[in-house]
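Structure first, then comments.
What follows draws every value from the coordinates through simple rules; no lab data is involved. None of these values were measured; they are calculated from a predicted model. FYI the Cβ positions are ideal-geometry reconstructions off the backbone, even for glycines, and counts take in every protein chain you see.
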Amino acid sequence: MEMTLRWYGEKFDSVKLKDIRQIPGVGGVITTLYHTKPGEEWDENEIKEMKRTVENSGLRLSGIESVNIHDSIKVGDKDRDMYIERYINTLEKLGRNGINMVCYNFMPVFDWTRSDLAKERPDGSTVLAYDQKVIDMIDPTEMFSSVDNKSNGFILPGWEPERMAKIKELFEMYEDVDSEKLFSNLVYFLKAIMPVCDRYDIDMAIHPDDPAWPVFGLSRIITGKENILRMLHAVDNVHNGVTLCTGSLGSNRENDIPDIIRSLKGRIHFAHVRNIKYTGDGTFEEAAHLSSDGSLDMYEIMKALYETGFDGPGRPDQGRMIWGEKAMPGYGLYYRAVGAACLNGIWESLKKSEGR
Ligand SMILES: [Mn+2]
């Protein structure tokens with residue numbers, strides 16, 4: 001695994017590349033053109049500039065998270081072919097510039113959902129948390145304002161104000177999109193983009209739905225081993241792969257993450273490795289990377305990645321906010337550096353114990 005950190009770009013991120021460079025074992029960042037909107041074709045000069053900025057700081061640009069998918073593609077309306085063409089053009093430009101891993105998701109309306117962006121834990125750190133009972137009481141069209149109030153003034157990925165301003169229209173778009181329709185729209189999209197991925201050796205890595213069950217009555221299709229394998233078989237090309245996000249998949253207690261990792265061998269192109277703690281039925285909060293702090297076995301997860309020969313980029317994902325840092329919820333420098341160090345420690349011990 002190549003350890004990386006997510007970085008939102010100089011204009012949007014409180015974290016500096018020179019600070020990321022000082023975290024032991026972190027050699028790359030996962031970034032994006034954060035100002036672009038879903039459906040917009042990326043500008044090649046901006047891609048070059050983004051790459052130059054990262055490389056000038058002594059880091060590698062290890063992949064993109066995300067190139068977002070326009071809702072027309074997800075619902076499969078009359079405009080989808082136009083948006084797919086733009087997406088292909090963006091992939092072509094990334095490929096030409098030597099960028100070979102693209103993370104995306106196929107979640108309706110909301111990229112991810114939490115009921116609290118700064119839940120205080122007993123040690124005084126704050127974390128993102130989810131409580132189904134709280135979510136059930138929220139009007140989904142009000143969800144954006146409640147999230148925006150707690151984002152420390154940062155724009156959250158997937159919660160762009162321009163998009164959320166049209167939230168009622170978005171819900172209408174998805175009204176008759178059941179999980180089968182959403183799945184076939186995903187397959188349609190993947191079949192269309194595979195030729196450009198083959199040409200430039202671009203690994204597409206779909207991010208699982210977070211949490212891994214339907215929220216606000218919206219369909220969710222990337223939630224566990226069975227539907228992920230179905231998706232991989234439907235477009236059986238190595239470039240059609242997965243972001244293994246332990247926290248998203250782990251939100252469903254029935255998901256056995258090491259087993260999922262082993263069954264997806266060769267098709268995991270990106271790893272988000274974080275711990276979560278189950279706090280009740282349908283409730284969880286994000287925890288530190290030490291297994292004892294949460295409910296997931298981080299050693300077994302890293303071991304499964306190691307044993308299946310995973311050599312793509314990985315990152316500690318979002319984490320706790322500690323030491324009074326003010327940053328985008330989940331994306332401070334301090335704790336993610338701790339998380340990366342913890343994962344690197346497990347990885348080194350796995351390597352050494354096998355004499356590799
Ligand atoms: Mn993730």
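Structure data summary
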item	result
Qualifying residues in region 142-165 (those that are more than 19 Å from the chain's Cα centre (by Cα) and of a type in the set (S, T, N, Q)) - the one surrounded by the most Cβ atoms within 10 Å (Cβ to Cβ)	N152
Test: I202 is surrounded by 22 or more Cβ atoms within 10 Å (Cβ to Cβ), more than 16 Å from the ligand (Cβ to nearest atom), within 30 Å of D139 (Cβ to Cβ) and touching a residue at least 40 places away in the same chain (Cβ under 8 Å)	no
Any hit, region 61-77, residues being more than 21 Å from the chain's Cα centre (by Cα) and loosely packed, with under 14 Cβ neighbours inside 10 Å	no
Every residue from region 205-239 that is more than 25 Å from Y299 (Cβ to Cβ), β-branched (V, I, T) and in a loop (DSSP other than H, G, I, E, B)	I221, I222, V235, V238
Filter pass, D111 being among the charged types (D, E, K, R), surrounded by fewer than 21 Cβ atoms within 10 Å (Cβ to Cβ) and within 16 Å of the ligand (Cβ to nearest atom)	yes
Residue under evaluation A118, criteria (1) surrounded by fewer than 18 Cβ atoms within 10 Å (Cβ to Cβ); (2) of a type in the set (A, V, I, L, M); (3) farther than 26 Å from G339 by Cα, criterion not met	(3)
